[in-house]
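The structure appears below as structure tokens.
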Amino acid sequence: MSIIAWIVVGIIAGFIAEKVTGRNHGLLTNLIVGIIGAFVGGFLASLLGFEYAEGFNLASIIVATIGAIVFLWILGMIQGRRSSR
């Protein structure tokens, strides 16, 4: 996937994950969360045996968004534990 496609998918996935999880990030944070989410989502999809066409398409956005939501959930769990100490 081209770098431009990675950026666009990352921003879209990060934005959707931000809204689903009720967080409030900026554009750069959404991009970073979305790109990390793409890696997490791709890893989870391969573990579950799902095959999807890589590139700029709806499947990639869905996989990246699910990965970003999982990433934000894990991050929230870690931050919650740290603040309760």
Taking into account only those residues within region 21-45 that are over 13 Å from residue 9 (Cα atoms) and of a type in the set (S, T, N, Q), which is surrounded by the fewest Cβ atoms within 10 Å (Cβ to Cβ)? 24
Of 51, 18, the only residue that is open to solvent by 80 Å² or more (accessible area, probe 1.4 Å) and either over 13 Å from residue 67 (Cβ atoms) or touching a strand residue (DSSP E or B) at 6+ places or on another chain (Cβ under 6 Å) (or both) is 51
Quickly run through region 54-73 and pick out the residues that are open to solvent by 60 Å² or more (accessible area, probe 1.4 Å), among the aliphatic types (A, V, I, L, M) and either under 11 Å from residue 9 (Cα atoms) or not in a helix (DSSP H, G or I) (or both). 58, 62
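The values are calculated or read from the model by the stated rules, or taken from the named source; none is laboratory data. What you see is a predicted model, and the numbers here were worked out from it, not measured in a lab. Because the Cβ atoms are built from the backbone with ideal geometry, glycine has one as well, and the counts that use them run over all protein chains shown. These area figures cover heavy atoms from the full protein model, side chains too; ligands, DNA and RNA do not enter into them. Shrake-Rupley method; radii C 1.70, N 1.55, O 1.52, S 1.80 Å.
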